[in-house]
Structure formats: structure tokens, C-alpha cells
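Note sheet for the following structure.
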Amino acid sequence: MDPTDPLPKALGSLLESFQAGKKTALARAISLIEDERPGFQGFLHRVLTLGPRARRVGLTGPPGGGKSSLIAALAYLCRAREEEVGVVAVDPTSPYSGGALLGDRIRMNDLATDRGIFIRSMATRGSLGGLAATSKEVIDLMDAFGLARLLIETVGVGQTELGITGAVDTVVVVLVPESGDGIQAMKAGLMEIADIFVVNKADRPGADRVFGDLRAALHLRAGNTSRWAVPVLKTVASTAEGVPELLDAVDQHREYLDESGELRIRQRGRAAVRVREVTERSLRGILWGGEASDVILEAGLDEIQQGLATPYSVSASILKALFAENAT
């Protein structure tokens with residue numbers, strides 16, 4: 001379906017409710033996107049034409065860092081400033097059910113009673129970057145709905161969990177006192193993407209050492225020519241200690257992005273990634289959605305077992321058939 005084609009009647013009604021600011025419509029639209037139901041691309045095409053407006057903040061870091069508690073504290077502070085908040089908690093996909101582990105949603109339950117906060121827990125669905133394409137679309141959807149502040153949580157453990165950079169404006173890397181021994185190993189991963197570092201649970205022993213190690217590592221980091229000096233902050237999310245300072249740092253980073261022109265550069269880079277992701281997803285659907293590919297694959301598997309073909313020759317046959325089919 002071409003995204004510019006007329007929407008089905010049911011989606012047209014949903015679009016009207018969405019644009020009217022009804023939270024139930026936002027929830028239904030998210031389900032539409034997550035399940036990739038017919039017409040979802042057309043729906044997204046219509047709501048995303050205004051471009052990004054929300055302040056997008058991503059919190060990532062190793063498990064056990066208290067990111068959920070920190071997001072809850074940030075959300076309450078934003079609500080005190082009369083901002084509407086969207087929270088997306090992206091959990092590793094369950095290897096059994098394929099769904100998200102619901103620990104984050106449970107820990108954030110207290111937020112759900114606030115009408116100004118909208119929470120969604122999602123799965124990575126095996127995405128190596130920590131964020132599936134649908135997760136980014138849900139974030140875009142919350143932005144289009146008009147939520148002023150978006151807080152996104154992912155689990156980051158190294159190079160394969162850096163997809164958060166493709167969805168937010170400001171990346172906050174959250175560590176704990178026990179992270180001290182792993183800081184050197186993180187230089188090539190999380191160390192490179194952080195706009196702000198936070199040592200959470202800073203009331204525990206070892207917090208000062210991690211704080212000092214981070215500042216030293218940032219000082220020695222080669223090739224850091226950015227005009228933004230990455231701050232290192234201490235917080236205790238359970239008591240909200242240091243959280244106002246964290247939100248101030250997030251807002252200061254946003255001001256830096258605006259004034260330096262970096263925000264437009266980041267948004268343009270995000271858009272380029274999204275175009276590639278959407279195109280690749282569509283191509284996968286075309287490639288494996290027809291019977292021809294399955295027939296060639298089955299025949300090719302027999303030939304591979306007989307020593308008459310290889311995965312490369314079978315792949316070439318599938319692609320030739322695909323291109324010939326779409327050329328007619």
C-alpha cells in the first residue's frame with residue numbers, strides 16, 4: 001500500500017481522534033504500529049508531517065542502574081513544570097514469548113495514575129541496536145501526539161546497544177558505583193555516545209571513585225572536539241537527590257543543540273536511518289511475502305544438499321526472480 005493512498009474508514013476515524021488529542025487514540029495507534037496492521041504506514045505518513053517537536057531524552061546503561069527509578073523521578077519533575085510526558089521502556093525481548101519483560105512497567109506503575117504521563121513498555125524484538133524500528137515509530141507517534149517530553153529507557157551493555165542515538169536528542173548514560181571496573185572497557189561503546197553521564201545510587205560506597213574515573217576518562221578521550229563538555233552528575237533516584245540538576249543539564253544540552261545547529265544535524269541523521277530501515281523492512285516483506293521465493297528456496301535447499309548449488313547461487317536465483325517479477 002502506498003502511504004499516500006486514502007486510509008481505510010476505521011483508520012480515518014482513528015486519525016481524527018488522534019489529532020483531537022485523545023489518549024485512547026494514541027494507545028490504539030501504538031497498537032496499530034506495533035502489530036504492523038494494514039494501513040499503518042499511511043497513518044504514520046499523515047501524523048508525522050509536522051516533524052519532531054518533543055524534547056527526546058534517552059537513558060541507557062547496564063542493567064541494575066536504576067534507570068526506571070530515575071525516569072520516574074524525572075517524569076514527576078517534568079510534571080511539576082506542567083509538561084506532558086511520554087515514557088517508552090524498551091526491554092530485551094523474552095526468548096520464550098517474544099514480548100517485553102514487564103519489570104520496567106511494574107516499577108513505573110505509580111506514574112500511570114497521572115493523566116499527564118503516558119507509558120509504553122516495548123520489546124527490542126531482537127534488534128541489535130537495542131531499539132526495533134517499531135520502537136522508533138512509537139516514539140515518533142508520541143512526538144506527533146504533542147507530548148512535550150519523551151523519556152526513553154533501553155538497556156546498554158556495549159557496542160550492540162547503541163541504537164538509542166538514532167531516536168533521541170540527548171543520551172544519558174547511567175552507571176552505578178559497582179560499574180567502576182568496567183569503565184575502561186566501555187570507552188569504545190557507551191563512553192562515545194553519552195551527552196551526560198550519571199552515577200546513580202551515589203549514596204553507595206565507591207560512587208566517588210566512579211565519578212572521578214569518568215571525569216578522567218572524558219578528559220583523556222582522544223578526538224573530543226565538541227563544544228559540549230559532557231557533564232558527570234551524581235543522583236540518588238530513590239530520594240530524587242540530584243534529579244533537578246540532571247534535568248537542568250538535559251535542558252542545557254538542548255539549548256546547545258539548538259544554538260550550535262547540531263539538533264538539525266542529528267534530526268537529519270535520524271531521518272536518513274529511518275528511511276533505510278523502512279525501505280529494508282518493505283523489501284523484506286516483498287522478498288519473502290510471495291510464493292516464488294519459497295519455491296526457489298525449497299528447490300535450492302535440495303540442490304545444496306546434492307552439491308549442485310550454494311547459498312549464494314540460490315540467493316542469486318531468488319533475487320533474479322524478484323526483479324523479473326517486479327519489472328513486469
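Quick rundown of the values:
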| quantity | calculated |
| --- | --- |
| Distance in nm between pseudo-label sites at Ala299 and Tyr312 (7 Å out along the Cβ direction from Cα) | 2.2 |
| Note, ³J(HN,Hα) from phi for the range 40-54, Karplus 6.51, -1.76, 1.60, rounded to Hz, x at Gly and Pro | 5, 5, x, 5, 4, 4, 7, 8, 9, 5, 7, x, x, 10, 6 |
| Leu283/Glu16 FRET efficiency (R0 51 Å; Cβ-Cβ; nearest 0.05) | 0.95 |
| Percent of C-alpha pairs per 5 Å bin, the range 194-269, short to long | 3, 14, 21, 20, 19, 13, 7, 2, 0 |
| Net charge of Cβ neighbours under 10 Å - reference Ala237; Lys, Arg +1; Asp, Glu -1 | +1 |
| Cα gyration tensor shape of the range 1-47, rounded if a/c is under 1.5, else prolate or oblate by comparing a/b with b/c | oblate |
| Listed residues Ser317, Val278, Gln252: farthest to the positive end of the dipole of the range 195-328 (Cβ charges) | Gln252 |
| Cα centroid separation, the range 264-328 to the range 24-42 (Å) | 26 |
| For Gly116, net neighbour charge (Lys/Arg +1, Asp/Glu -1) across residues whose Cβ lies under 11 Å away | +1 |
| Highest to lowest packing among 15-22, 56-63, 140-147, 37-44, scored as the average C-beta count within 10 Å | 56-63, 140-147, 37-44, 15-22 |
| The range 260-324 - Rg (one decimal) and Dmax (whole number), Cα, Å | 18.3, 62 |
| Estimated vicinal HN-Hα couplings, Hz - the range 307-321 in sequence order (Karplus 6.51, -1.76, 1.60; Gly, Pro = x) | x, 9, 8, 10, x, 6, 5, 5, 4, 4, 5, 5, 5, 4, 5 |
| Vicinal HN-Hα couplings computed from phi for the range 260-271 (Karplus, 6.51 cos²θ - 1.76 cosθ + 1.60; Hz; Gly/Pro x) | 8, x, 5, 4, 5, 5, 5, 5, 5, x, 4, 5 |
| FRET efficiency for Thr49 and Arg215, using Cβ-Cβ distance with R0 set to 56 Å, rounded to 0.05 | 0.85 |
| Leu59 long-range amide H proximity, modeled H, under 5 Å | Ile152, Glu153, Thr154, Val172 |
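Read-outs throughout are calculated quantities, based only on the coordinates presented, and are distinct from any laboratory measurement. A quick note: this is a predicted structure, and the numbers were derived from the prediction, not measured. Here Cβ is always computed from backbone atoms with ideal geometry, including for glycine, and neighbour counts include all displayed protein chains.
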